[in-house]
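The values are calculated or read from the model by the stated rules, or taken from the named source; none is laboratory data. Nothing here was measured: the structure is a model prediction, and the numbers come from that model. Backbone-built Cβ (ideal geometry, glycine too); neighbour counts: all protein chains shown. In case anyone asks, the SASA skips ligands and DNA or RNA and just uses the protein heavy atoms, side chains included. Shrake-Rupley method; radii C 1.70, N 1.55, O 1.52, S 1.80 Å.
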Amino acid sequence: MAVAAGQLVERIWARDPSVWTGRDEGQWLGWLDEPERMRERIGELQEFVDEVGAPGVIDTFVLMGMGGSSLAPIVLKQSFEGDALHVLDTTHPAMVRHTADLLDLDSTLFIASSKSGTTLETRSHLDFFWERNGGRGEFFAAITDPGSELERVARERGFFQVFAGEPTIGGRYSALSPFGLVPAALLGLDLERLLERTAEMIEACRLAEGNPGLELGEELGEGWREGRDKVCIDETEGGFGLWAEQLIAESTGKDGKGLIPAPGEPPEGPDRQRGEVRLEDPYELGQEFFRWEFAVAVAGSYLGINPFDQPNVQAAKDKTNEVLAGGEIELEPESSPEELFAQASEGDYVAIQAFIDPMQEAKLEPLIERAREETGCVVTHGLGPRYLHSTGQLHKGGPNSGLFLQVVDDPGEELPIPGRPFGFARLIRAQAAGDFESLKERGRRVARVRLEEVA
């Protein structure tokens with residue numbers, strides 16, 4: 001890299017877009033200061049938690065969000081073993097039904113979380129539970145950027161609380177903003193402790209030497225230059241890799257380039273590097289979120305891309321809308337795992353994309369193991385439509401080194417979405433069909449199989 005390390009750090013903190021492509025990157029660096037701003041809002045968050053719990057009525061929380069709005073909360077929930085918080089980030093009708101059946105609507109707060117305020121999945125979840133709940137605004141809250149359509153709806157419907165996001169932060173960099181810290185507060189975390197540790201990391205990431213974020217970013221970038229583009233992220237009990245996967249894939253996977261995150265995969269191999277996660281205590285999560293955010297920004301400079309846009313995410317959404325507007329949706333098997341895996345070459349990776357009931361995810365394990373054995377490649381997997389908001393950008397905009405195996409199941413009886421001409425079953429089938437077509441249009445190697453044929 002032509003830029004000296006100390007100068008690179010200085011220029012990132014100066015919001016200099018020429019670190020990357022010289023376009024609008026400087027407008028998307030609000031995440032550098034957000035943890036400090038959030039320390040000033042701890043009182044607001046604590047007051048919210050106290051008010052919610054004061055009557056002794058609400059003891060369950062359902063966060064409805066996708067991608068950047070759901071992945072940090074999931075990692076926080078798993079790391080701190082928080083049973084009171086549920087995260088809904090699937091359109092599979094079986095899971096939506098299961099969530100609805102599980103809940104006591106008189107003791108549940110629903111939080112709609114979407115920066116844009118227009119996320120189709122989240123708005124569908126909101127409308128479904130709004131109707132199911134009888135339209136009682138005191139049982140709903142929203143986290144969204146100022147002026148969004150979701151903010152308008154929340155105000156009109158009299159939601160209990162509306163939290164404003166920071167518009168200068170993209171979704172995948174929002175873990176230390178209200179999108180991550182409102183759920184953290186509801187989990188009962190000591191936010192001062194969490195953010196105090198984060199502040200230490202922020203100061204360390206200002207240094208020219210001994211800078212943990214810079215050092216990780218340099219490792220990622222140098223590894224990419226040497227052909228080690230698979231980042232095998234350390235396995236953690238809280239599933240940190242699930243969050244880091246989106247950060248890396250959506251930030252770097254564009255212009256035919258990209259780092260390929262592979263949580264839990266062994267780092268030994270000529271095309272692999274280790275993604276070290278430093279988490280001796282769950283309260284180090286905040287500082288680790290920031291270290292990885294800074295590192296991926298640094299890595300973006302090595303790749304010569306804009307780490308803060310996602311030019312190919314819209315493609316699958318457009319395809320989904322096309323399919324939804326059409327006739328019957330047929331998700332017929334196409335090609336086969338054998339044919340797909342036989343196309344593997346050195347340096348490729350396998351991505352298993354499962355549009356299935358999340359409660360059946362364990363059934364993918366034999367297929368994942370088989371993919372490793374038959375290809376010798378790094379194997380990643382994601383649940384749809386969640387991964388469309390995470391690794392989907394990499395799959396379409398990154399290098400053409402992926403072998404994509406879509407797994408579908410029978411979504412069962414239709415579950416209507418209020419105010420929509422389609423239900424959840426049709427929606428998830430359209431999302432699967434739309435992404436499959438989008439990958440094919442880009443010349444990606446794809447196959448589709450039914451879950452019952454591989455489980």
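Around the amide H of residue 233, modelled in the peptide plane, lie the amide H atoms of 262, 264, 265, 275, all under 5 Å away and 5 or more residues distant in sequence or on another chain.
Take the Cα radius of gyration of the stretch 271-400 and divide it by 2.2 N^0.38 Å, N being the number of residues; the result is 1.27. Shape index of the stretch 27-127: Rg/Rh, with Rg the Cα radius of gyration and Rh the Kirkwood radius from the inverse mean 1/r over Cα pairs, equals 0.99.
Computed extension length for residue 342-residue 410: 21.8 nm, one decimal, from 0.36 nm per residue of separation with the Cα-Cα distance subtracted. In the frame of its principal axes, the stretch 86-191 has Cα extents of 37, 31, 25 Å, reported largest first.
Across the stretch 402-417, rounded Karplus estimates of 3J(HN,Hα) from the backbone phi angles (6.51 cos²θ - 1.76 cosθ + 1.60, θ = phi - 60°) give x, 10, 9, 10, 8, 10, 10, 10, 8, x, x, 5, 4, 10, x, 10 Hz, Gly and Pro being marked x. For the stretch 329-382, what % of the accessible area comes from carbon and sulfur atoms, probe 1.4 Å? With neighbouring chains kept in place, the figure for the stretch 329-382 is 45 percent. Evaluated over the stretch 298-447, the count of Lys pairs having alpha-carbon atoms less than 23 Å apart is 5 (only pairs 8 or more residues apart or interchain).
Per-residue extension of 0.36 nm, minus the Cα-Cα distance of residue 374 and residue 361, leaves a gain of 2.6 nm for this segment. Across the stretch 153-164, coupling constants 3J(HN,Hα) worked out from phi with the 6.51/-1.76/1.60 Karplus curve, θ = phi - 60°, read 4, 4, 5, 4, 8, x, 4, 4, 7, 10, 9, 8 Hz, and Gly and Pro carry x. Diffusion coefficient (Stokes-Einstein, Kirkwood radius over C-alpha pairs, 20 °C, 1.002 mPa s) for the stretch 126-260: 119 µm²/s, rounded to a whole number. Rounded to whole numbers, the Karplus 3J(HN,Hα) couplings from phi for the stretch 10-26 are 4, 6, 5, 5, 7, 6, 8, x, 5, 4, 10, 10, x, 8, 9, 4, x Hz, using 6.51 cos²θ - 1.76 cosθ + 1.60 with θ = phi - 60°, and x at Gly and Pro. The amide H of residue 111, built 1.01 Å from its N in the peptide plane, has 62, 63, 64, 141 as neighbours under 5 Å, considering only residues 5 or more places off or on other chains. Across the alpha-carbon atoms of the stretch 258-331, the computed radius of gyration and Dmax are 18.3, 52 angstrom. Given their separation in residues at 0.36 nm each and the Cα-Cα distance between them, residue 193 and residue 106 gain 28.1 nm when the chain is fully extended. Seen from every direction in turn and averaged, the convex hull around the alpha carbons of the chain projects onto 20.0 nm². Altogether, the Stokes-Einstein calculation at 37 °C and 0.692 mPa s, with the Kirkwood radius of the stretch 206-341 over Cα pairs as Rh, returns a diffusion coefficient of 196 µm²/s. Taken along the Cα-to-beta-carbon direction at a fixed 7 Å, the label points for residue 207 and residue 118 span 4.4 nm.
To the nearest 10, the accessible area of residue 319 is 40 Å² with a 1.4 Å probe.
The amide H of residue 380, built 1.01 Å from its N in the peptide plane, has 350, 351, 352 as neighbours under 5 Å, considering only residues 5 or more places off or on other chains. What does the C-alpha gyration tensor say about the overall shape of the stretch 1-80? Classify as rounded when a/c is under 1.5, otherwise prolate if a/b is larger than b/c, or oblate. Here the stretch 1-80 falls in the prolate category. D by Stokes-Einstein for the stretch 371-418, Kirkwood Rh over Cα pairs, 20 °C, 1.002 mPa s: 161 µm²/s.
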